[in-house]
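Heads up, the thing below is written out as structure tokens.
The values are calculated or read from the model by the stated rules, or taken from the named source; none is laboratory data. Since the structure is predicted, the reported quantities are computational estimates derived from the model, not experimental observations. Positions of Cβ are backbone-derived with ideal geometry, glycine not excepted, and every protein chain shown enters the neighbour counts. Side chains are part of the model used for accessible areas, which takes the heavy atoms of the whole protein and leaves out ligands, DNA and RNA. Shrake-Rupley method; radii C 1.70, N 1.55, O 1.52, S 1.80 Å.
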Amino acid sequence: MGESIIASRKPYLTAVQAGRTYYWCACGKSAKQPFCDGSHKDTGFEPIKFVPEEDGELLFCGCKRTGAVPICDGSHNALPGLYGEDVDETQAALVERQPGGATTLLDGGCYVLSPADIERSPYGTLSLAPLVTAADGAKFLSAFCLTVAPGEAPPLGFGDSDAVLFLRTGECACSVSGRNFPLSGASGLYVRPGESLTITNTGDAPAEWLAVVCPGVAELAVGGVGGGVFDEDFPGRAGTLDADQRTAMGDRFYQVLIGEETGSREVTLFIGEIPQSRAGYHHHLYEEVIGILSGEGYMWTGSKKTPVTPGDVIFLPAKQMHALECTSPEGMQLMGAFYPAGSPAINY
Ligand code: FES
């Protein structure tokens with residue numbers, strides 16, 4: 001048996017019905033991708049039977065290299081060549097950034113803003129502001145920027161939602177319903193539904209956080225929300241940048257800080273690294289909040305593009321075509337948080 005043929009360098013987004021039987025083409029020769037048309041005869045390959053449990057849309061592997069047959073697991077990113085489809089520069093108009101923390105709107109409800117320029121509500125040593133809510137078009141998650149001055153901040157609550165928090169800069173002692181997690185910059189923390197979070201800034205400078213909450217909420221509960229019971233079933237709640245834990249995705253890398261293995265039912269939090277390059281256009285099924293940590297570049301969404309710099313936050317609706325370009329020779333580092341939880345490598 002030889003190697004299967006690459007039918008497509010990307011997965012096939014396909015509507016499926018619960019309980020119906022599908023036969024996924026394993027040889028790559030079918031003219032009815034992603035499903036079998038009998039062309040595997042004499043190839044040694046057999047189609048894979050698949051019965052979905054729910055109605056919905058699935059990404060069936062087209063490259064025939066997935067390790068999660070028949071569903072795409074992102075293995076197509078390792079194929080040689082461009083990551084995504086080539087960008088047509090002439091189609092994208094340059095949109096100037098809006099000043100004062102206002103949103104710079106791109107295609108499909110995607111936008112970029114600078115949290116540093118946004119007015120925040122003060123709560124003692126804590127100040128915060130919403131960045132992404134349902135009012136901005138988010139369907140599943142919301143995001144907030146938090147600044148914690150040295151000292152203990154009032155407790156935060158997230159109701160029945162999952163919360164993943166990314167500490168961008170600073171050093172903090174965090175208490176999740178009484179369980180302590182010391183964190184320093186470029187780290188993630190996960191708070192389960194019903195738990196509370198108290199952040200104590202143990203450094204000399206303000207600590208900058210980004211909180212992503214799913215299902216989304218219009219505002220965070222501050223003060224008077226302490227307590228809650230720490231969920232012992234998921235004791236590992238913190239993740240820190242570690243070059244040894246990175247996964248390659250073409251010429252890019254990512255490291256999951258918080259995900260399903262950490263117990264997060266809804267959101268995956270990861271750090272990504274992009275070399276000086278422009279990705280091809282691609283889509284994700286998930287809704288995402290991206291924070292630029294270092295490096296400069298452009299966010300492209302088809303008919304528009306706008307510059308991005310460190311500190312910027314991008315809201316990316318599900319299925320929006322996009323490409324993030326890094327123009328800095330030293331590369332770009334970013335954090336991303338998305339719903340539903342899964343692999344950052346899966347795109348189409
Ligand atoms: S298309 Fe094959 S792994 Fe994604």
Self-check item: Net length gained if the chain between THR169 and GLU296 were fully extended (0.36 nm per residue, minus Cα distance)
Solution: 43.9 nm
Quiz prompt | Label-to-label distance, nm, for residues given as VAL229 and ASP37 (7 Å Cα→Cβ offset) | solution = 5.8
Quiz item: How about LYS319: which lysines have a C-alpha closer than 26 Å to its C-alpha, ignoring those fewer than 8 places off in the same chain?
Solution: LYS10, LYS32, LYS64, LYS139, LYS304, LYS305
Exercise. Quick one: among LEU257, LEU241, LEU128, which has the greatest mean-square fluctuation in a GNM of the chain with alpha-carbon springs under 10 angstrom?
Key: LEU241
Self-check item: Contour excess over end-to-end distance, with Cα ends at GLU85 and GLN17 and 0.36 nm allotted per residue
Solution: 21.6 nm
Practice problem: Determine the sum of side-chain charges near ALA18: Lys and Arg each +1, Asp and Glu each -1, restricted to other residues whose C-beta is under 13 angstrom from that of ALA18. | Solution: -3
Quiz item: Treating the beta-carbon of each Lys and Arg as +1 and of each Asp and Glu as -1, no other charges, what is the dipole magnitude of the chain about its Cα centre, to the nearest 20 debye?
Solution: 740
Quiz prompt | 12 Å tail of the calculated P(r), segment 242-292, as % of Cα pairs | solution = 71
Self-check item: Whole-Å semi-axes of the ellipsoid equivalent to the chain (Cα gyration tensor, √5λ, descending)
Solution: 38, 24, 17
Exercise. Putting +1 on Lys and Arg Cβ atoms and -1 on Asp and Glu Cβ atoms, find which of LEU105, GLY185, PRO115 reaches farthest to the positive end of the dipole of segment 99-201.
Key: GLY185
Exercise. Please compute the net charge surrounding ARG265, taking Lys and Arg as +1 and Asp and Glu as -1 over other residues with Cβ under 10 Å from its Cβ.
Key: -2
Exercise. Calculate, for the chain, the solvent-accessible area per residue in square angstrom, rolling a 1.4 angstrom probe over the heavy atoms of the protein chains.
Key: 43
Practice problem: Pull out a ≥ b ≥ c, the square roots of the eigenvalues of the alpha-carbon gyration tensor of segment 1-80, then state rounded if a/c is under 1.5, prolate if not and a/b is larger than b/c, and oblate in the remaining case. | Solution: oblate
Exercise. Figure the gain on full extension for GLU261 and SER303 (residue separation times 0.36 nm, minus the Cα-Cα span) and round it to one decimal in nm.
Key: 11.4 nm
Quiz prompt | Per-peptide average of other Cβ atoms within 10 Å, ordering 38-47, 331-340, 259-268 highest first | solution = 331-340, 259-268, 38-47
Self-check item: Set of aspartates and glutamates near LYS49 by C-alpha distance (under 19 Å), chain-local residues within fewer than 8 positions excluded
Solution: ASP37, GLU57, ASP73
Exercise. Report the accessible area of ILE71, computed with a 1.4 Å probe over the heavy atoms of all protein chains in place, in Å² rounded to the nearest 10.
Key: 40
Self-check item: Label zone at SER8, where the point sits 7 Å out along the Cα-to-Cβ direction: segment 63-79 residues whose backbone N lies under 15 Å
Solution: 63-66, 70-77
Self-check item: Set of segment 206-239 residues, backbone N closer than 11 Å to the point 7 Å along the Cα-Cβ line of ALA134
Solution: 216-219
Quiz item: In what sequence, largest accessible area first, do PHE140, PHE230 appear using a 1.4 Å probe?
Solution: PHE140, PHE230
Exercise. At 7 Å along the Cα-to-beta-carbon direction for both ALA116 and VAL51, put a label point, then send me their distance in nm to one decimal.
Key: 5.7
Quiz item: Cα gyration tensor of segment 117-235, axes a ≥ b ≥ c as square roots of the eigenvalues: rounded (a/c below 1.5), prolate (a/b > b/c) or oblate?
Solution: oblate
Quiz item: Considering the Cα trace of segment 187-339, what is its radius of gyration and what is Dmax, both in angstroms?
Solution: 16.7, 48
Quiz item: Given +1 on the Cβ of Lys and Arg, -1 on the Cβ of Asp and Glu, and no further charges, what dipole in debye does segment 158-248 carry about its Cα centre, rounded to the nearest 20?
Solution: 80
Quiz item: For PHE253, what accessible area in Å² do you get when you roll a 1.4 Å probe over the heavy atoms of the protein chains, rounding to the nearest 10?
Solution: 70
Quiz item: For ARG65, what accessible area in Å² do you get when you roll a 1.4 Å probe over the heavy atoms of the protein chains, rounding to the nearest 10?
Solution: 70
